[in-house]
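To start, the structure under review is shown below, and the notes come after it.
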Amino acid sequence: MSINLELPKKLDTTIDQAHQAAAEIFRPISRKYDLREHDYPVELDTLASLYDGLAEAGQAGAGADGGRSQEKKGKPKPEGTVVNGGNMQSVINTMETSWGDVGLMLTIPYQGLGNAAIAAVADDEQLKRFGKVWAAMAITEPSFGSDSAAVSTTATLDGDEYVLNGEKIFVTAGSRATHIVVWASVDKSLGRAAIKSFVVPREHPGVEVARLEHKLGIRVSDTAVIRFENCRIPKENLLGSPEVDTKKGFGGVMQTFDNTRPMVAGMAVGVARASLEELRRVLEEAGVEIDYDKPAADQHAAAAEFIRMESDFEAAYLHTMRAAWMADNKQPNSLEASMSKAKAGRTGTDITNKTVELTGTLGYSERLLVEKWARDSKILDIFEGTQQIQQLIIARRVLNKSSADLK
Ligand SMILES: Cc1cc2nc3c(=O)[nH]c(=O)nc-3n(C[C@H](O)[C@H](O)[C@H](O)COP(=O)(O)OP(=O)(O)OC[C@H]3O[C@@H](n4cnc5c(N)ncnc54)[C@H](O)[C@@H]3O)c2cc1C
């Protein structure tokens, strides 16, 4: 099959709307909320209603359900047909809004990482119930971060309900989202296969937002510690199959990363593009010519560096689009999702930091947003699996090694 790198026309509206929101709503308030950590950006309420309307019309980005309900509205496609669906839309939307401000992007109601998780594993009935919620994602605990098989939060079946107990830390949008997708073990003696994800309303008996974190970047995004104490939820809130299949292992919950990692890669691509555009403007104002026809040795060092970063940017962008496209076309994409996250996460931090360097004192000051983007981009190479973890996953898949072989 040949590769067509042009974006489908039907995504034009998504791009235009998201870009308009990024340029006209996000950019003007970007510095204000960076300086007022934890204040809720009320300007986003307007955006939430806009997204709701667009989602109904099938024009929005992810929407709360990652675009799955939109896919279902269309006629069934004959086998072999190429689809550009909810994941592609979601990633494009993410890139555009993160170009505006990645912290604000993470604060857009109904577009949480938990929503992508729901879209990945919810059945039709759950999609109906949870398709319109705003869902955060709670995996990390005080005792682990990267090793997500070490989940110690428990979900014990009691009649028709699961009872959740445990503590989750660093939950993005944890104090603002309406729901939280929580990873918990239904039976610790059965190891990683017993880890399941549960949709829990945030305002619910037994759920307590204990505190918010102060952070290096994405300061407008609330990062919460959440405690679950005898929190009872209907057993139907378990996402996917309740069966513990020790042969299948960790597959069920890990599937959520196939959707969320390209999203985070998209965030990194968005901030990187913002930085590159600003760098080009500053260099051109300073009289530095960027000439694509000249070899690196024959032009200004800053121009040569710009071109190098731009090619890295293109690679990150294409990796991300491929991973999202594969998810839309139901192709297994765990390897490509990790590749997109590794490449885009690394490229995002490289480009934003280099931009601070190349723009000198101006870049380091608060007169531009480039120092903020350098702070904001770091998290994109950490959450949903760090750079090192993505490389580990890629190595395991390429070399056909198990997690026991390669740690
Ligand atoms: C702002 C922010 C928002 C977050 N949002 C969320 C969220 O919404 N939901 C959520 O569940 N979590 C969230 N997290 C947590 C995030 O996912 C974890 O921080 C991340 O998974 C890394 O875990 P850790 O910090 O415990 O680092 P550790 O796992 O302790 O790792 C420390 C270092 O060791 C490296 N390392 C670890 N294991 C290996 C290995 N086997 N081989 C090589 N190197 C390795 C890591 O790459 C890292 O560099 C957030 C974190 C932050 C800072």
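The values are calculated or read from the model by the stated rules, or taken from the named source; none is laboratory data. Computed from a predicted model, the values in this text were never measured in an experiment. Note that each Cβ is placed from the backbone with ideal geometry, even for glycine, and that neighbours are counted across all protein chains shown. Quick note on the areas: whole protein, heavy atoms, side chains included, nothing else; ligands and nucleic acids left out. Shrake-Rupley method; radii C 1.70, N 1.55, O 1.52, S 1.80 Å.
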Practice problem: Using only protein heavy atoms and a 1.4 Å probe, report how much of Met339 is accessible, in Å² to the nearest 10. | Solution: 50 Å²
Practice problem: With a probe of 1.4 Å, find how much accessible area the chain has per residue, and write the answer as a whole number in Å². | Solution: 45 Å²
Self-check item: Accessible carbon and sulfur surface of the stretch 274-322 relative to its total accessible area, %, 1.4 Å
Solution: 52 percent
Practice problem: Would you mind computing, in nm to one decimal, how far apart the modelled labels at Asp160 and Ser402 are, each placed 7 Å from Cα along Cα→Cβ? | Solution: 4.1 nm
Quiz item: If you line up the long axis of helix 86-100 against the longest principal axis of the chain, both from Cα atoms, how many degrees apart are they, to the nearest 10?
Solution: 50 degrees
Self-check item: Cα-projected label distance for Ala150 with Thr13, points at 7 Å along beta-carbon direction, nm
Solution: 4.7 nm
Practice problem: State, as an integer percentage, the relative contact order of the chain based on alpha-carbon contacts under 8 Å between residues 6 or more apart. | Solution: 16 percent
Self-check item: Links that overshoot a 26 Å alpha carbon limit, given the list Lys9/Lys32; Lys330/Lys401; Lys168/Lys188; Lys32/Lys341; Lys235/Lys330; Lys294/Lys354
Solution: Lys9/Lys32; Lys32/Lys341; Lys235/Lys330
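Quick check on the stretch 251-399: take the gyration tensor over C-alpha atoms, sort the square-rooted eigenvalues as a ≥ b ≥ c, and tell me if it's rounded (a/c under 1.5), prolate or oblate. Provide the component values of the computation, followed by the final result.
Values: a/c = 2.68, a/b = 1.92, b/c = 1.39.
The shape class here is prolate.
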Exercise. Can you give me the three principal axis dimensions of the chain from its C-alpha atoms, in Å, biggest first?
Key: 72, 50, 47
Quiz prompt | Cα pair count fraction exceeding 16 Å, expressed as % - the stretch 133-237 | solution = 54 percent
Self-check item: Formal net charge of residues neighbouring Thr361 (Cβ-Cβ distance under 12 Å; K, R +1; D, E -1)
Solution: -2
